[in-house]
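This report concerns only the one structure given below.
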Amino acid sequence: MNIKKVMTILNPDSLCPCDSGYLLKFCCLPDIPPLSARDYPYRNLNIESTVVDYMDRVIPSNIKLSVHMVNPNQEFQPFNEIIEELVIRAWKSKITENQMAKLSPYLTNLKDQLNAIRYHQRQFLFRLRLLYLEQIPLEPIRGNASVVMIDIPLRCELESFVSKIRSCLDVIAKLVSCYLNAKEMTHGALLRHLESSNKGSKKNILTIYHRNLGWFKETKELRDKIIHDGTFNAFRGFEHENGLISQPKLNDFTAEHFCFKQWKQLWSFTNDVLPLLYPVQEMNEKH
């Protein structure tokens, strides 16, 4: 069977297209799909170390605690690093305990959203490669007909990936709202708020938002299709015609390219916006 365009993800030893600098198999496309991966089990749930709150105060042992444990193998370390840096800057900016209590849930939600997006992205790419390899041994289609292969799990993972990206933008908006000491706003409301008062720290944040307007529009249209129509018709599976295999597509992009493009856009946006919250120069001015 002839192939119109060879997939990047077929070579696990090549550099990952997400530009992380890691090999594909150690980054966006693991050897084992995330859904089937088995993490190292917990061996002991006794908490013997000192427990502190977000202000680094020791919590007395007689107070009942609810500790949330996350397996480190299920998290993407760069997410933790960028959020920890924001927390450090926030403390150095001398925000109040009440402000930190308000900020903390948003940070947790953001990390959860980013890890969920990462999960759906990797699960989608793994299944995409698996299905691709299954197409190659098939005998070529004869006659004038074309056959489009429908794979519901593949489409569902892509829909979850896109939907989570839009949810993540709302979480980032609430984080920015907290920094601005404004009421809690969703993504669209925050953008309108920034445009109505483009001064001081808002100006730099608005610049980043305006730089990504095309991407915002694209993801919103796709998410709305998923929410209101149940799916997006723009997605097309593997197609066999005249002895050729066409890759799955979404609008004008191959599904593979679309997935990496969306991931890079989100990661770039997150890395551009979060450092603008509680910036170093702002801390120096307060001192």
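Just so it is clear, none of the values below were taken in a lab; they were calculated from the coordinates. Since the structure is predicted, the reported quantities are computational estimates derived from the model, not experimental observations. Virtual Cβ from ideal backbone geometry, glycine too; neighbours counted across all protein chains shown.
In the set (1) 1.04; (2) 0.93; (3) 0.97, the label that goes with Rg/Rh (Cα atoms, Kirkwood Rh) computed for this structure is (1). For Asp31 and Asp224, calculate 0.36 nm times their separation in residues minus their Cα-Cα distance, and state this gained length in nm to one decimal. Separation in residues times 0.36 nm, less the Cα-Cα distance, equals 66.2 nm. With a simple spin-label model that places each label point 7 Å from the Cα along the Cα-to-Cβ direction, the separation between Val70 and Asn144 comes to 5.6 nm. Comparing Lys264, Lys203, Lys164 in a Gaussian network model of the chain, where Cα atoms under 10 Å apart are tied by springs, the biggest mean-square fluctuation is seen for Lys203. Computed 3J(HN,Hα) for the stretch 99-113, one whole-Hz value per residue from the Karplus formula 6.51 cos²θ - 1.76 cosθ + 1.60 where θ = phi - 60°, is 5, 5, 5, 6, 6, 3, x, 5, 5, 5, 4, 5, 4, 5, 5, glycine and proline marked x. Counting every other Cβ atom within 10 Å of each residue's Cβ, Arg192, Arg211 order from fewest to most as Arg192, Arg211.
Which FRET efficiency, nearest 0.05, do Asn251 and Lys102 yield, Cβ-Cβ r, R0 35 Å? Plugging the Cβ-Cβ distance into 1/(1 + (r/R0)^6) gives 0.35.
Applying 0.36 nm per residue to the separation of Val58 and Thr231 and subtracting their alpha-carbon distance, the gain on full extension is 57.4 nm. When a/c is below 1.5 the answer is rounded, else prolate if a/b is larger than b/c, else oblate, so apply that to the stretch 148-225 with a ≥ b ≥ c taken from the square roots of the Cα gyration tensor eigenvalues. Because a/c hits 1.5 or more and a/b exceeds b/c, the stretch 148-225 counts as prolate. For Lys261, the lysines whose Cα falls under 26 Å of its own Cα, not counting residues fewer than eight places away in the same chain, are Lys4, Lys5, Lys25, Lys111, Lys164, Lys174, Lys217, Lys220, Lys225, Lys249. Classified by the C-alpha gyration tensor, the stretch 196-287 has a prolate form. Its axis ratio a/c, with a ≥ b ≥ c, is 1.5 or above, and a/b is larger than b/c. Note on the chain: antiparallel DSSP beta bridges, both residues inside, total approximately 85 percent of the bridges counted. Cα axis of helix 152-179 to longest principal axis of the chain: angle in degrees, 0 to 90, nearest 10? The angle comes out near 20 degrees. Whole-Hz Karplus values for the stretch 204-221 come out as 5, 5, 4, 4, 5, 5, 5, 5, 10, 4, x, 5, 4, 5, 4, 5, 5, 4 Hz, taken residue by residue from phi with 6.51 cos²θ - 1.76 cosθ + 1.60 and θ = phi - 60°; glycine and proline positions read x. Cβ crowding within 10 Å, taken as a proxy for footprinting-reagent exposure, orders Trp267, Trp91 from fewest neighbours to most as Trp91, Trp267. Does anyone have the angle between helix 255-273 and the longest principal axis of the chain? Alpha-carbon axes, 0 to 90°, nearest 10? In the chain, helix 255-273 runs at an angle near 10 degrees to the longest axis.
Estimated from helical segments only, the mean residue ellipticity of the chain at 222 nm is -17500 deg cm²/dmol, where each DSSP H run of four or more residues counts as -39500 (n - 2.57).
Placing unit charges on the Cβ atoms only, positive for Lys and Arg and negative for Asp and Glu, gives the chain a dipole magnitude near 600 debye about its Cα centre. Axis of helix 187-196 versus longest Cα principal axis of the chain: the two differ by about 60°, to the nearest ten degrees.
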